[in-house]
Amino acid sequence: MTEQDAMDLCRVHNVPFFSTMSLPLGGTRVFCRTERGADELRLRFCDLTLPGEDLSTQ
């Protein structure tokens, strides 16, 4: 998903975030302000999240 799509979803679902980053292999990493927000994204969008290691450095 694009950075704008990720930010829009966070806003719609009231998940506070402070930054996003485009990943080299596609997609977007979202930096949530709270652990609860990160958990909320994982639960709501489990089909859109990547399991395993952090792909932002590859």
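Miscellaneous remarks
- Residues of the range 15-35 that are over 18 Å from residue 46 (Cβ atoms) and of a type outside the set (Gly, Ala, Ser): 16, 18, 20, 21, 24, 25, 31, 33, 34.
- Residue pairs meeting the criteria (Cβ under 7 Å; at least 6 apart or on separate chains; first surrounded by 15 or more Cβ atoms within 10 Å (Cβ to Cβ), in the range 17-35; second assigned to a loop (DSSP other than H, G, I, E, B)): 17/33; 27/1; 27/50; 28/1; 28/2; 29/23; 32/15; 32/16
- Summed over the range 1-57, the residues that are modelled with pLDDT of 90 or more, basic (Lys, Arg) and not in a helix (DSSP H, G or I) give a count of 1.
The values are calculated or read from the model by the stated rules, or taken from the named source; none is laboratory data. This one's a predicted model, so the numbers in the text were calculated from it and none came from an experiment. Note: ideal-geometry Cβ built from the backbone for every residue, glycine included; neighbour counts use all protein chains shown.
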